[in-house]
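The values are calculated or read from the model by the stated rules, or taken from the named source; none is laboratory data. Everything numeric here is computed off the predicted structure, so don't read it as measured data. Please note: Cβ atoms are built from the backbone with ideal geometry, for glycine as well, and neighbour counts cover all protein chains shown.
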Amino acid sequence: MNTPTFQSLETPRLVLRQFKDEDLSAFLSYRNDPEVARYQSWHSITESQAKDFINKQKSIQTGMPGEWFQFAIVLKDTGVLIGDCGLKVNKEEPRQAEFGITLSPPYQGVGVASEAVACMLDYAFKILGLHRVIAITDCLNKSSIVLMERLGMRREGHYIQNIWFKGAWGDEYLYAILQQEWLQKKMTPRIGQRV
């Protein structure tokens, strides 16, 4: 896969870019919020771990098989970091990938997740040329389920007690969307939308 060096992506309200050293404080703040970590693989993050994460992310480019590339989600008008969304290209099958998203609580439920992930999916399918992207979410994570369905993703799997997660067996849903489905969805006008 030969892709141009990633610079940044823009939406009406957001910029998706690589992490910078100055993101440390905001990153620590939302990554250490227990409500944010509720359905994530971590409980909290130390300052040292956060610095290591940011330094590693500065050396990764999008589309590297087997590596999570985390897009820093920044408000366009203020430059404030409000979250991140990650894309991991499958090492064995590099035309497939998985994504995830983490947002600071004040920016949850206001359409920021949809805007950021839609931008990332456009990039994944149009620039990286991916064939299929998946997301896995806890069956109790209603916000994540709504996000996947709003993006037009299809629920392909319901795993029963497949993961030992924070002291208990958990159930997960697997959602997926193909490049052709995403591109067709983007081309289909919504009612009231100008063509």
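For the range 51-72, does any single residue satisfy the condition of being acidic (Asp, Glu) and part of a helix (DSSP H, G or I)? Scanning the range 51-72, I find at least one residue that is acidic (Asp, Glu) and part of a helix (DSSP H, G or I), so the answer is yes. Inspect all residues belonging to the range 97-112 and state whether any of them is of a type outside the set (Phe, Trp, Tyr) and farther than 23 Å from residue 26 by Cα. For the range 97-112, residues of a type outside the set (Phe, Trp, Tyr) and farther than 23 Å from residue 26 by Cα: present. Could you tell me whether any residue of the range 67-74 is within 21 Å of residue 173 (Cα to Cα) and small (Gly, Ala, Ser)? Within the range 67-74 (the criterion being within 21 Å of residue 173 (Cα to Cα) and small (Gly, Ala, Ser)), the answer is no, since none of the residues qualifies. Scanning the range 39-51 for any residue that is among the basic types (Lys, Arg), modelled with pLDDT of 95 or more and closer than 30 Å to residue 129 by Cβ turns up nothing. If you go through the range 38-61 and keep only what is within 18 Å of the chain's Cα centre (by Cα) and basic (Lys, Arg), you end up with 38, 56, 58.
Can you say whether residue 115 is surrounded by fewer than 17 Cβ atoms within 10 Å (Cβ to Cβ), acidic (Asp, Glu) and not in a helix (DSSP H, G or I), as far as the supplied structure shows? So residue 115 does not fit the description; no.
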